[in-house]
Amino acid sequence: MWLLRPPGVYAPQDDTSLLREALLREPMPPRARVLDVGTGTGALALAAARKGAAHVTAVDASRRAVLTTKLNALLAGLPVHVRHGDLFRPVHGQTFDLVLANPPYVVSPRARLPRRGRARAWDAGEDGRAVLDRICAHLPLLLRPGGVALIVHSALCDPDRTVAHLAAGGCKAEIADRRLIPFGPVMAARADWLRGRGLIGPDEDREELTVVRAERPA
């Protein structure tokens, strides 16, 4: 899929690909409503629209990402409703059949999240869960009965904790996919710090990505 990928907007990478594969496996109910939170270039929102979703909403905190997704949807001739805002606030009170989330999840030496710049797309605090925990807390309320959520993040962020949070919210949750990938530039630059914290081994140079699938009982 050709996409505009301007500087400053998170470009599709291995995590996007893994989440897209999980999306394509999910059955799409008639008149399905899909939410893509942290849409970036809109790659997953467009994939959902191509799959046949009746209504796709894409949300991002970056105004540049919002504009990029609007342009990519226009160029693809696909109907995607794009909203600017923090996580689920732009869709408050709405419910969906499918929610896709590729949030910031990279473990960072800084506890405080960046408020601007490229790092806002990946830095997620000292345990990588600053955004993930917020998603887990609110996600069950966004799912219709029988609705499904797919969340991608690093195994360094403790996917079992994600499963436990979503289960506590009333969802049936499990780790649906795993994939080992070489460290990207950000992880490679932080490798010594990660080793110092005991998060990776002395010779470790690959990261495991996981997709957590959560389903609200029908």
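The values are calculated or read from the model by the stated rules, or taken from the named source; none is laboratory data. Because the structure is a prediction, the values reported are computed rather than measured. Virtual Cβ from ideal backbone geometry, glycine too; neighbours counted across all protein chains shown. Protein only, heavy atoms only, side chains kept; ligands, DNA and RNA dropped before computing areas. Shrake-Rupley method; radii C 1.70, N 1.55, O 1.52, S 1.80 Å.
The residue that is surrounded by the fewest Cβ atoms within 10 Å (Cβ to Cβ), counting only those in the range 70-86 that are more than 20 Å from Ala32 (Cα to Cα) and in contact with a helix residue (DSSP H, G or I) (Cβ under 8 Å, 6 or more places away or on another chain), is His84.
Thr16 meets the stated requirement of being under 28 Å from Gly184 (Cα atoms) and either in contact (Cβ under 8 Å) with a residue 40 or more places away in the chain or of a type in the set (Phe, Trp, Tyr) (or both). Condition check for Pro145 on (1) surrounded by fewer than 17 Cβ atoms within 10 Å (Cβ to Cβ); (2) closer than 23 Å to Pro29 by Cα; (3) at pLDDT below 95: one failure, at (3). Write out, first by first residue and then by second, each pair whose Cβ atoms fall under 9 Å of each other, whose residues are 6+ apart or on separate chains, and whose first residue, in the range 174-202, is more than 18 Å from Arg20 (Cβ to Cβ) and open to solvent by 70 Å² or more (accessible area, probe 1.4 Å) while the second is of a type in the set (A, V, I, L, M) and in a helix (DSSP H, G or I). Sorted first by the residue in the range 174-202, then by its partner, the pairs are Glu174/Val163; Pro182/Ala188. Can you find a residue that is over 25 Å from Ala32 (Cα atoms) and touching a Gly at 6+ places or on another chain (Cβ under 6 Å) anywhere in the range 186-207? Within the range 186-207, none of the residues are over 25 Å from Ala32 (Cα atoms) and touching a Gly at 6+ places or on another chain (Cβ under 6 Å). Close contacts from the range 99-126, counting a first residue that is free of Cβ contacts under 8 Å to residues at least 12 places away in the same chain and a second that is open to solvent by 60 Å² or more (accessible area, probe 1.4 Å), with Cβ to Cβ under 8 Å and a gap of 6+ residues or different chains, come to Pro114/Arg120.
Please go through the range 104-120 and give me each residue that is in a helix (DSSP H, G or I) and more than 20 Å from Leu209 (Cα to Cα), ordered by number. The one that is in a helix (DSSP H, G or I) and more than 20 Å from Leu209 (Cα to Cα): Arg118. Elements of the type helices (runs of 4 or more DSSP H) sitting completely within the range 121-205 and holding at least 2 residues that are charged (D, E, K, R): these cover 132-142, 159-168, 191-196. Across the range 30-66, which residue is least open to solvent (accessible area, probe 1.4 Å) among those that are among the charged types (D, E, K, R) and touching a residue at least 60 places away in the same chain (Cβ under 8 Å)? This residue is Asp36.
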